[in-house]
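Participant: This is the structure I want to talk about, given as structure tokens.
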Amino acid sequence: RDSGVWASKSAGKGAWERHPDGDEYVHILDGVGTLEIVSDDDARPQSITVRAGMLAIVPRGAWHRFDYPEGLTMITLTPGQSEFVRADVDDPRAITPER
């Protein structure tokens, strides 16, 4: 009831985002890209290759973004509110997020 189901097909690099209300489920339908994720306050950002057929679970509160220069089609189940850092930075924790 307080979540969103999103379908997208795009190319480029997304904004950093996090979801403080719960885990986000991502199903990659087509294409190949990189999921960049920061899973806790002390960790360095990690890069994970995602491709068609994969399901990724982004933990509650983890900063993440997608880099998909050749294009990616995905469906996400996103809980509650989202916070964003739209600046193209390597680590979003140094920037004040927007809602």
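Participant: When you scan segment 51-61, do you find a residue that is of a type in the set (Gly, Ala, Ser) and touching a Lys or Arg at 6+ places or on another chain (Cβ under 7 Å), even just one? Lay out the reasoning, then the answer.
Facilitator: Taking segment 51-61 first, the residues of a type in the set (Gly, Ala, Ser) are 52-53, 56, 61.
Still in the running and touching a Lys or Arg at 6+ places or on another chain (Cβ under 7 Å): 61.
Yes, the conditions are met somewhere in segment 51-61.
Participant: Exactly one condition in (1) at negative phi; (2) open to solvent by 50 Å² or more (accessible area, probe 1.4 Å) is not met by residue 53; state its number.
Facilitator: (1) is the only condition that residue 53 fails.
Participant: Could you go through segment 30-43 and let me know if any residue there is touching a Lys or Arg at 6+ places or on another chain (Cβ under 9 Å), of a type in the set (A, V, I, L, M) and farther than 22 Å from residue 79 by Cα.
Facilitator: yes
Participant: Restrict the check to segment 67-80 and report whether at least one residue is in contact (Cβ under 8 Å) with a residue 60 or more places away in the chain and part of a loop (DSSP other than H, G, I, E, B).
Facilitator: Restricting attention to segment 67-80, the residues satisfying the condition of being in contact (Cβ under 8 Å) with a residue 60 or more places away in the chain are 71-80.
Cutting the leftovers down to part of a loop (DSSP other than H, G, I, E, B) gives us 80.
Yes, that holds for at least one residue.
Participant: I need the full set of residues from segment 56-66 which are open to solvent by less than 80 Å² (accessible area, probe 1.4 Å) and either among the aliphatic types (A, V, I, L, M) or not in a strand (DSSP E or B) (or both), in order please.
Facilitator: Taking segment 56-66 first, the residues open to solvent by less than 80 Å² (accessible area, probe 1.4 Å) are 56, 58-59, 61-66.
If the condition is that a residue be open to solvent by less than 80 Å² (accessible area, probe 1.4 Å) and either among the aliphatic types (A, V, I, L, M) or not in a strand (DSSP E or B) (or both), then 56, 58, 59, 61, 62 are the ones that fit.
Participant: If you don't mind, there's one more thing I want to ask. Does residue 11 fit the bill of being outside any strand (DSSP E or B) and either among the aliphatic types (A, V, I, L, M) or touching a strand residue (DSSP E or B) at 6+ places or on another chain (Cβ under 9 Å) (or both)? Don't jump to the end; show me each part of the working.
Facilitator: On the way: outside any strand (DSSP E or B): no; either among the aliphatic types (A, V, I, L, M) or touching a strand residue (DSSP E or B) at 6+ places or on another chain (Cβ under 9 Å) (or both): yes.
Judged against the criteria, residue 11 is not a match.
Participant: Same structure, new question: Name every residue in segment 67-80 that is open to solvent by 60 Å² or more (accessible area, probe 1.4 Å) and closer than 16 Å to residue 20 by Cβ, in order of residue number.
Facilitator: Scanning segment 67-80 gives a single hit, 77.
Participant: Output the residues belonging to segment 17-48 that are open to solvent by 50 Å² or more (accessible area, probe 1.4 Å), part of a strand (DSSP E or B) and either under 10 Å from residue 64 (Cα atoms) or touching a residue at least 60 places away in the same chain (Cβ under 8 Å) (or both).
Facilitator: Once the filter is applied, which keeps residues that are open to solvent by 50 Å² or more (accessible area, probe 1.4 Å), part of a strand (DSSP E or B) and either under 10 Å from residue 64 (Cα atoms) or touching a residue at least 60 places away in the same chain (Cβ under 8 Å) (or both), segment 17-48 yields 18, 46, 47.
Participant: Which of the residues spanning segment 81-99 are in a loop (DSSP other than H, G, I, E, B) and surrounded by 11 or more Cβ atoms within 10 Å (Cβ to Cβ)? Before the answer, list the steps.
Facilitator: Quick first cut of segment 81-99, residues in a loop (DSSP other than H, G, I, E, B) only: 81-82, 86-91, 95-97, 99.
Of everything in segment 81-99, those that are in a loop (DSSP other than H, G, I, E, B) and surrounded by 11 or more Cβ atoms within 10 Å (Cβ to Cβ) turn out to be 81, 82, 86, 89, 91, 95, 97.
The values are calculated or read from the model by the stated rules, or taken from the named source; none is laboratory data. Remember, it's a predicted structure, so these values are computed and weren't measured experimentally. Note that each Cβ is placed from the backbone with ideal geometry, even for glycine, and that neighbours are counted across all protein chains shown. Note: accessible area is taken over every heavy atom of the protein model, side chains too, but ligands, DNA and RNA are not part of it. Shrake-Rupley method; radii C 1.70, N 1.55, O 1.52, S 1.80 Å.
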